[in-house]
Amino acid sequence: MSYSQACPVCRAPILARSSAGANTSEIHCPRCGRYHIQALAETQLTNSHPAFPPLHLLSGLCRNTWDLLAEKVLITVDLFTSWAALDAIAKIAIPRDTDLKTKGEYLLKFLRRKSKNLADAVALSPNELAVGFCANKNELLFCLQYLEGHGWIEADPGQAKNQQAFAFRLTPAGWSLLDTPTAPVQATAVVCLPNDKDAETLWSQGFSAALSAIQLKAVRADSKESGNKITDEIIVEIRRATCVVADLTAQNPLIYFQAGLALGLGKPVFWTCEASELNDKKLQLDLRQQVVTTWSRDKLPDLANRLAARIEATLGGVSPA
């Protein structure tokens with residue numbers, strides 16, 4: 001099988017191609033960095049771009065994963081299905097198209113990495129579109145203007161106005177921003193609750209109380225769902241979480257999905273269920289090999305105590321994910 005010498009993701013001329021195993025190639029692209037791609041995925045990208053994901057975001061994921069982690073993303077056709085599939089394999093945050101703040105942060109860190117001295121100006125060419133997850137030059141300039149407007153970078157006064165590449169450097173405020181220690185991130189637990197008439201009471205007296213007792217920040221999944229659909233926001237929360245608590249009372253399909261996503265990401269899942277429903281064997285999932293913390297509506301403080309003990313015993317000293 002012959003391959004094009006253009007990058008399947010961004011269409012720029014590639015620097016090198018090599019085998020990375022059966023039906024898999026390693027691509028070295030000046031814009032996308034180094035990544036692996038399976039033959040079927042490459043065929044789809046080359047012949048007819050899939051509707052998802054936006055290719056400039058896929059390019060940014062490959063480039064920044066290589067630049068920041070020295071790891072290669074493996075592109076398969078599974079990534080062409082949904083945000084959930086793409087987020088599940090990503091080891092860095094993927095900004096959505098209008099996430100100006102995150103795109104700006106990636107560009108700031110790039111300027112820092114490329115600056116050998118404090119006053120160094122760093123040239124940005126079309127290859128750096130991927131650094132900021134940008135679709136085109138105008139978007140890259142827009143992100144740079146955002147950083148410039150905050151006083152974190154400045155244009156190199158010596159650059160020619162008509163050159164294709166342009167150069168910026170970090171200001172003293174930009175260096176200070178990047179050198180400021182960030183506050184420790186509190187470990188979080190995403191709680192997937194059923195639609196229940198007593199949901200607020202269950203939350204305050206049971207689940208939230210349990211997590212507060214062991215210094216876990218509780219994030220309630222149903223407060224982030226829209227129209228009974230899982231949102232990008234809750235997928236991001238699950239990716240960031242230390243663990244997930246999934247209550248199977250009433251058999252909500254969304255809770256099965258959320259728990260499955262967490263398990264696929266390697267997150268511990270703590271199962272709970274109303275005692276009467278578990279005793280009646282109504283669960284669709286076979287949990288005989290799992291510990292299920294049961295609860296009753298008249299003993300919610302007991303749920304809080306037992307769930308807290310269960311999580312703490314499993315996780316030990318809780319730390320951020």
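Listing for the model above:
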quantity: Reachable aspartates and glutamates, given that their alpha-carbon falls under 20 Å from the alpha-carbon of Lys101 and they are not under 8 places away in the same chain; calculated: Asp67, Asp87, Glu128, Glu139, Glu148, Glu154, Asp179, Asp232, Glu233, Glu237
quantity: Between helix 253-264 and the chain: long-axis angle, C-alpha atoms, 0 to 90°, nearest 10; calculated: 60 degrees
quantity: The stretch 1-157, relative contact order [Cα under 8 Å, separation at least 6], %; calculated: 19 percent
quantity: Relative contact order, percent, the chain [alpha-carbon distance under 8 Å, six or more residues apart]; calculated: 12 percent
quantity: Options Asn279, Leu40, Ala155, ranked by Cα towards positive dipole end of the chain, top entry (Cβ charges); calculated: Ala155
quantity: Dipole magnitude of the stretch 16-89 about its Cα centre (Cβ charges: Lys, Arg +1; Asp, Glu -1), debye to nearest 20; calculated: 200 debye
quantity: Candidates Asp156, Asp99, Asp179: whichever shows maximal mean-square fluctuation once the chain is modelled as a Gaussian network with Cα springs under 10 Å; calculated: Asp179
quantity: When each of Lys197/Lys299; Lys114/Lys217; Lys116/Lys267 is checked by Cα-Cα distance, pairs over 27 Å; calculated: Lys114/Lys217; Lys116/Lys267
quantity: Choice from Leu61, Leu69, Leu124 showing the highest fluctuation, given a GNM over the chain with Cα pairs closer than 10 Å; calculated: Leu69
quantity: Student exercise, the stretch 100-179 dipole from Lys, Arg, Asp, Glu Cβ charges, in Debye to nearest 20; calculated: 160 debye
quantity: For the stretch 71-88, 3J(HN,Hα) per residue [Karplus equation, 6.51 cos²θ - 1.76 cosθ + 1.60, θ = phi - 60°, Hz, x = Gly/Pro]; calculated: 10, 9, 5, 9, 8, 10, 5, 4, 6, 8, 9, 6, 4, 4, 5, 6, 5, 5
quantity: Extension gain (nm, one decimal) between Glu154 and Gln5, 0.36 nm per residue minus Cα-Cα; calculated: 50.0 nm
quantity: GNM flexibility winner over the chain from Gln38, Gln290, Gln186 (Cα, springs under 10 Å); calculated: Gln290
quantity: For the stretch 45-189, convex hull volume per residue from C-alpha positions, Å³; calculated: 142 Å³
quantity: Efficiency of FRET from Cβ geometry, Thr98 and Asp298, R₀ 41 Å, rounded to 0.05; calculated: 0.30
quantity: Cα-based helix-to-principal-axis angle, 55-69 vs the chain, degrees rounded to 10; calculated: 90 degrees
quantity: Per-selection Kirkwood Rh - the stretch 188-315 (Cα, Å, 1 d.p.); calculated: 14.5 Å
quantity: Over the stretch 16-89 - Rg/Rh using Cα atoms and the Kirkwood inverse-distance radius; calculated: 0.93
quantity: Rounded tilt (10° steps) of 137-149 against the dominant C-alpha axis of the chain; calculated: 80 degrees
quantity: Rg to Rh quotient for the chain, alpha carbon positions, Kirkwood Rh; calculated: 1.06
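Coordinate-derived values only; no laboratory data. If you're wondering where the values come from, they're calculated on a predicted model, not measured in any experiment. As a convention, Cβ positions derive from the backbone with ideal geometry for all residues, glycine included, and neighbour counts pool all protein chains shown.
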